[in-house]
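**Student:** I have a structure I would like to understand better, so I am pasting it below and will then ask my questions one at a time.
Read the figures in this text as sums done on the coordinates, not as results from a lab. These figures come from a predicted structure and were not determined experimentally. As a convention, Cβ positions derive from the backbone with ideal geometry for all residues, glycine included, and neighbour counts pool all protein chains shown.
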Amino acid sequence: MTSKPSTPTGLTALFVCLLVLGVLSARPAPSAVSAVPGDPLTGSGEIARTVMTREHLVDGHDFGSPVNEMIFRRRPKGAHPEHTFVGRLELLGEATRGDLEVIQDAFDLRGARTAHLPEFDFEFVQHGSHLIPVRRGLIITEHPQWNYFLEPGRVWKENADAGLSRASFPFALVQKNQACTFNGVMSFLFDDASISHVWYQITQETCYYFKGNFWGMLEAIYHSGSVAGAERIRRRYVREVREKFPRAPLERLAEDYPGVDVYQFGLQVDRRHMTTFGVVMDGVVYTAPCRTRFGESAYCEQMRFPSYSTAKTAYVGVTLMRLAQKYGAWVPELRIADYVEETADAAGDWSAVTLGHALDMTTGNYVDPRTYEDENSHINAFYDARTYAEKMWQALRAPHQDAPGTRWVYRSTDTFVAGRTMARFLSFEEGQNLDLFKWMVREVYRPLKTGPGFHTTLRTADNNWRGLPFTYMGLFWTHDDVAKVVTFLNVDRGAIDGEQLLHPELFAAAMQETPASLGIDTGTTLGHYRYGFYAQPWRSGAAVEVHGPFQVQYMLGYGGIIIVMMPNGSAYYYFSDNAEYAFSAAVEESMLHLRSSE
């Protein structure tokens, strides 16, 4: 017979209790998700509004046009929300409801398929007063015209909402097979189980050939419930916010650097077509407001800007230098024909063309040598092509006219061919069918702590638009992404936390920092070009009188996008869409008045 264990008494019982308590206290407590800076909200909730009221949203009032964008910003008096949104937000009637006012349409894009949103049914997780979409980056839809970007928004309480919580978040539509980006916002009320109508509007775009306002009031369903990995999503978001560059309004630049005239920045671009601009200096990004046709954007920090050809620099040129650092300075000498089998049937001659030639746009294969004539008149079929096979066939149609390395002719097709060459080389070195862009994210963008929206790119239509990266365009910036990339290049010179990621000799060649190191002369006012980087010699002006002749390096994007880096460590950028490319006033002001504190 088994005896019954004796019950501990006296000191023995006390010892056992202390032992148990000690063991329990030694166990690590479940890690709590830290708050986002600024939470919890401390406002009173006493907010008076006449537009987008509780009645408007609950009853589904259609305003007949967009409203002022600032209506969607969390107000200082907003109180901390009483409800937590976790689950799916599903919109109803996207394909038939909503309006579009076309402002400019160069290619007759208007129509029912353009006017309406793609199907919307996405998961969100709330953390404090922050509403976080589960899916980040470019979201492929079944819509014939548009894909989505979803960005984090805010949730707060207004007393007049009678117990409901108020939410808004930014989103963007991106044209399929192109990079035109249309920024908007959605707003609604909710409690633990129900939701009001959802108002959406788009009142701003970065697009040279199509402009318009979109708006609508849609019915919605809140599918409340658990979301897989919710705590991980919250932690990642907190880390994302904490890792952002410090951001300040542009006016603060004059306080931090006395003597600076902030009006010299953005001066040379028509403000009606300016999305935003900014200055990066000493680890701070100073930003102008993001303009819309209905006031300042409520979500300028989260707004998405297309890269167009700035991707040739920030993606393809940087990828070359990363490959060279890992495999050798000879990478630019790779022969295109050894990696792109389609060149065997090309109209031109690719037998002696190297990767460096393609990145310099000096392949010798072109139609018309006049500046941008091929880009504007002879490769539209390349842009319209959707699959990889169609794009590559179009890219190789130009005849051979010059020896490689002798004449600069701007052709995005050359960058597409260069991207394929690097992808094939990398696959041979690290594994078959390795994705070049995902490799780049792993090697550079993620260590650089760029945001998740910067980690997706435009791709060919293969596999439902999940094919091969475009390379010649397709990144989508925020202010923070620009600040991190230009600091990586212009200040840290291709290093992160002391580790050199980019080949130093190729980096110096790309930056073209001295007259002796300039790339090929474009024969235009654009200056010189090497590996996707432009260099503009500065030989006159007040700044030259102070510093002597110097170079500025810059990236250029279709429609009016400039990211320029100065030798004093500062950078100036703008996103516009009126085909204006002017930055001399900003360069002069930066070089004359910005001094690094380091």
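**Student:** What ranking do 308, 573 get, fewest neighbouring Cβ atoms within 10 angstrom at the top? Let's see the in-between values first.
**Tutor:** On the way: 308 26, 573 29.
Starting with the residue having the fewest Cβ neighbours, the order is 308, 573.
**Student:** From the helices alone, meaning DSSP H stretches of at least four residues, give me the mean residue ellipticity at 222 nm for the chain, per-run term -39500 (n - 2.57), in deg cm²/dmol to the nearest 500.
**Tutor:** Working: 16 runs with 138 residues, N = 598.
Using -39500 (n - 2.57) per qualifying helix, the result is -6500 deg cm²/dmol.
**Student:** Let me ask you something else. Rounded to the nearest 0.05, what FRET efficiency do residue 580 and residue 352 give with R0 = 45 Å and r taken as the Cβ-Cβ distance? Could you check? Working shown, then result.
**Tutor:** Values: r = 38 Å, r/R0 = 0.85.
Working from the Cβ atoms, E equals 0.75.
**Student:** Next question. Under the rule of at least 5 residues apart or a separate chain, name every residue whose amide H is placed under 5 Å from the amide H of residue 134.
**Tutor:** Long-range HN contacts for residue 134: 123, 124, 125.
**Student:** A follow-up question, please. Considering amide H positions built from the backbone, and no H for Pro or chain starts, which residues 5 or more places from residue 41, or on another chain, come under 5 Å of its amide H?
**Tutor:** Residues meeting the amide H criterion: 80.
**Student:** In Å and from the alpha-carbon atoms only, list the Rg and Dmax of the stretch 78-166.
**Tutor:** Radius of gyration, then largest Cα-Cα span, for the stretch 78-166: 16.4, 48 Å.
**Student:** May I ask for the angle, rounded to the nearest 10°, between helix 479-490 and the longest principal axis of the chain, with both axes built from Cα atoms and the value confined to 0 to 90°?
**Tutor:** Roughly 50 degrees, rounded to the nearest 10.
**Student:** Rounded, prolate or oblate: which one fits the stretch 353-432, using the alpha carbon gyration tensor with axes a ≥ b ≥ c (rounded when a/c is under 1.5, else prolate when a/b beats b/c, else oblate)?
**Tutor:** Numbers: a/c = 2.59, a/b = 1.35, b/c = 1.93.
Judged from the Cα gyration tensor, the stretch 353-432 comes out oblate (a/c at least 1.5, b/c at or above a/b).
**Student:** Same structure again: Convex hull over the alpha-carbon atoms of the stretch 462-516: what's its volume per residue in Å³? Write out the running numbers ahead of the final one.
**Tutor:** Working: hull volume 8.0 nm³, N = 55.
Cα convex hull per residue, to the nearest whole number: 146 Å³.
**Student:** Further question on the same structure: Specify which residue in the list 398, 297, 212 is farthest towards the positive end of the charge dipole of the chain, using unit charges on the beta carbon of Lys, Arg (+1) and Asp, Glu (-1), about the Cα centre.
**Tutor:** Farthest towards the positive end: 297.
**Student:** Considering only the other residues whose Cβ falls under 13 Å of the Cβ of residue 73, what net charge follows from Lys and Arg at +1 and Asp and Glu at -1? Don't jump to the answer; show the numbers that get you there.
**Tutor:** On the way: positive: 49, 74, 75, 77, 154, 166; negative: 69, 158, 296, 301.
Residues close to residue 73 contribute a combined charge of +2.
**Student:** Below 8 Å between Cα atoms, with a sequence gap of 6+, how large is the relative contact order for the stretch 516-598 in percent?
**Tutor:** Details: 129 pairs, mean separation 15.6, N = 83.
For the stretch 516-598, the relative contact order is 19 percent.
**Student:** If you take the charge dipole of the chain about its Cα centre, with +1 on Lys and Arg Cβ and -1 on Asp and Glu Cβ, which of 511, 321, 45 is farthest toward its positive end?
**Tutor:** In the chain, that residue is 45.
**Student:** Can you work out the FRET efficiency for the pair residue 521 and residue 121, with r the C-beta to C-beta distance and R0 = 60 Å, to the nearest 0.05? Each step should come with its number before you reach the end.
**Tutor:** On the way: r = 53 Å, r/R0 = 0.88.
After rounding to 0.05, the efficiency reads 0.70.
**Student:** Could you go through the stretch 359-371 in sequence order and give the Karplus-derived ³J(HN,Hα) for each residue, using 6.51 cos²θ - 1.76 cosθ + 1.60 with θ = phi - 60°, rounded to whole Hz, and x for Gly and Pro?
**Tutor:** 6, 8, 6, 10, 6, x, 9, 6, 9, 9, x, 5, 3
**Student:** So I have (i) 165; (ii) 225; (iii) 182, and one of them is volume of the Cα convex hull per residue in Å³ calculated from this model. Which one is it?
**Tutor:** The calculated read-out lines up with (ii).
**Student:** May I ask which residue of 102, 89, 57 lies farthest towards the positive end of the charge dipole of the stretch 54-242, with charges of +1 (Lys, Arg) and -1 (Asp, Glu) on Cβ and the Cα centre as origin?
**Tutor:** 89
**Student:** Then there's this: Net charge near residue 517: determine it from the other residues with C-beta under 12 Å of the C-beta of residue 517, scoring Lys and Arg +1 and Asp and Glu -1.
**Tutor:** Once positives and negatives cancel, what remains is -1.
**Student:** A further question on this structure: Using the reciprocal of the averaged 1/r over all distinct C-alpha pairs, how large is the Kirkwood radius of the stretch 258-366 in Å?
**Tutor:** Details: mean 1/r = 0.0554 Å⁻¹.
About 18.1 Å, per the Kirkwood formula over Cα pairs.
**Student:** In debye to the nearest 20, how big a dipole does the stretch 370-495 give about its Cα centre with +1 on each Lys and Arg Cβ and -1 on each Asp and Glu Cβ? Write out the running numbers ahead of the final one.
**Tutor:** Values: 16 positive and 15 negative charges, 36 e Å.
Result for the stretch 370-495 is approximately 180 debye, rounded to the nearest 20.
**Student:** First check a/c for the stretch 403-536, with a ≥ b ≥ c the square roots of the eigenvalues of its C-alpha gyration tensor; if it is under 1.5, answer rounded, and if not, answer prolate when a/b is larger than b/c or oblate otherwise. Intermediate results must be reported in sequence, preceding the final value.
**Tutor:** Working: a/c = 1.63, a/b = 1.20, b/c = 1.36.
Oblate shape, in that a/c is at least 1.5 and b/c is the bigger or equal ratio.
**Student:** Percent relative contact order of the chain, based on C-alpha pairs within less than 8 angstrom and at least six residues apart?
**Tutor:** Working: 1256 pairs, mean separation 81.7, N = 598.
Computed value for the chain: 14 percent relative contact order.
**Student:** Using the beta-carbon distance between residue 59 and residue 82 and R0 = 25 Å, what value does 1/(1 + (r/R0)^6) give for FRET efficiency, to the nearest 0.05? Can you show the working numbers first?
**Tutor:** Details: r = 22 Å, r/R0 = 0.88.
So, using R0 = 25 Å, E works out to roughly 0.70.
**Student:** A further question on this structure: Determine ³J(HN,Hα), in whole Hz, for all residues of the stretch 261-272 in sequence, where each value follows from phi through the Karplus function 6.51 cos²θ - 1.76 cosθ + 1.60 and θ = phi - 60°; x replaces Gly and Pro.
**Tutor:** Values, residue by residue: 9, 5, 6, 6, 8, x, 5, 9, 10, 4, 5, 5 Hz.
**Student:** In addition: Report, ordered by chain and residue number, the lysines lying within cross-link reach of residue 157, taken as a straight Cα distance under 27 Å and ignoring same-chain residues fewer than 8 apart.
**Tutor:** Cross-link targets: 77, 244.
**Student:** Can you tell me the dipole magnitude for the stretch 155-308 around its Cα centre, using point charges on the Cβ only (Lys, Arg +1; Asp, Glu -1), in Debye to the nearest 20? Walk me through the intermediate numbers first.
**Tutor:** Details: 18 positive and 17 negative charges, 91 e Å.
Its charge dipole is roughly 440 debye.
**Student:** Okay, moving on. Apply the Karplus curve 6.51 cos²θ - 1.76 cosθ + 1.60, θ = phi - 60°, to the phi angles in the stretch 58-69 and return the couplings in whole Hz, x for Gly and Pro.
**Tutor:** Using θ = phi - 60°, the values come out as 5, 7, x, 5, 9, 7, x, 5, x, 10, 4, 4 Hz.
**Student:** Under 5 Å between amide H atoms, partner at least 5 residues away or on a different chain: which partners does residue 195 have, H built in plane at 1.01 Å?
**Tutor:** Under 5 Å from the amide H of residue 195 lie the amide H atoms of 222, each far enough along the sequence or on another chain.
**Student:** Next up: How much length is gained on full extension from residue 241 to residue 542, taking 0.36 nm per residue of separation minus their Cα-Cα distance? Write down the numbers at each step before the final one.
**Tutor:** Details: separation 301, 0.36 × 301 = 108.36 nm, distance 3.94 nm.
My answer for the length gained is 104.4 nm.
**Student:** When each pair of different Cα atoms in the stretch 54-242 is counted once in the 1/r mean, what is the Kirkwood radius in angstroms, to one decimal?
**Tutor:** Details: mean 1/r = 0.0586 Å⁻¹.
When all Cα pairs of the stretch 54-242 are included, the Kirkwood radius is 17.1 Å.
**Student:** Same structure again: Tell me the relative contact order for the stretch 86-231 as a rounded percent, counting alpha carbon contacts under 8 Å between residues six or more apart. It would help to have the intermediate numbers written out before the result.
**Tutor:** Numbers: 356 pairs, mean separation 40.9, N = 146.
RCO, the stretch 86-231: 28 percent.
**Student:** Charges at C-beta only: +1 for Lys and Arg, -1 for Asp and Glu. How large is the resulting dipole of the chain about its Cα centre, in Debye rounded to 20? Walk me through the numbers before you get to the answer.
**Tutor:** Values: 56 positive and 69 negative charges, 315 e Å.
That gives a dipole near 1520 debye.
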